[in-house]
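*Asks:* Have a look at the structure that comes next, please.
Read-outs throughout are calculated quantities, based only on the coordinates presented, and are distinct from any laboratory measurement. Just so it is clear, the model here is predicted, and its values are computed rather than measured. Here the Cβ positions follow ideal geometry from the backbone for every residue, glycine too, while neighbour counts run over all protein chains shown.
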């Protein structure tokens, strides 16, 4: 095992512990914690057995394992950005409704 693999596994283990801690403190939903946990475990498996990506890629009809990792990373990032965008829009809507309600309450009190 190379130095990079050891360091990557340490970082992944710390990240997994942080995700578990966030789930236990209700800062992260269990569903999202499971999804992130599965991704972390997949990354750890890939770090331990790098040839596994090539095997899976060939089974899916993709030429190289690196291409498969790039495709997966791109899709995960797009989904992540979309989820953040939806949450931001929902938060903006809640703030707008709250400000509107406070403004109407202030007008009613005067």
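*Asks:* Condition first: touching a helix residue (DSSP H, G or I) at 6+ places or on another chain (Cβ under 8 Å) and either free of Cβ contacts under 8 Å to residues at least 12 places away in the same chain or crowded, with 16+ Cβ neighbours inside 10 Å (or both). Now tell me which residues in the stretch 42-55 satisfy that. Reasoning before the result, please.
*Replies:* The first filter runs over the stretch 42-55 and keeps only residues touching a helix residue (DSSP H, G or I) at 6+ places or on another chain (Cβ under 8 Å), leaving 43-48, 50-55.
The answer is 43, 44, 45, 46, 47, 53, 54, 55.
*Asks:* Does residue 29 meet the test of being without any contact (Cβ under 8 Å) to a residue 60 or more places away in the chain, more than 23 Å from residue 72 (Cα to Cα) and loosely packed, with under 12 Cβ neighbours inside 10 Å?
*Replies:* no
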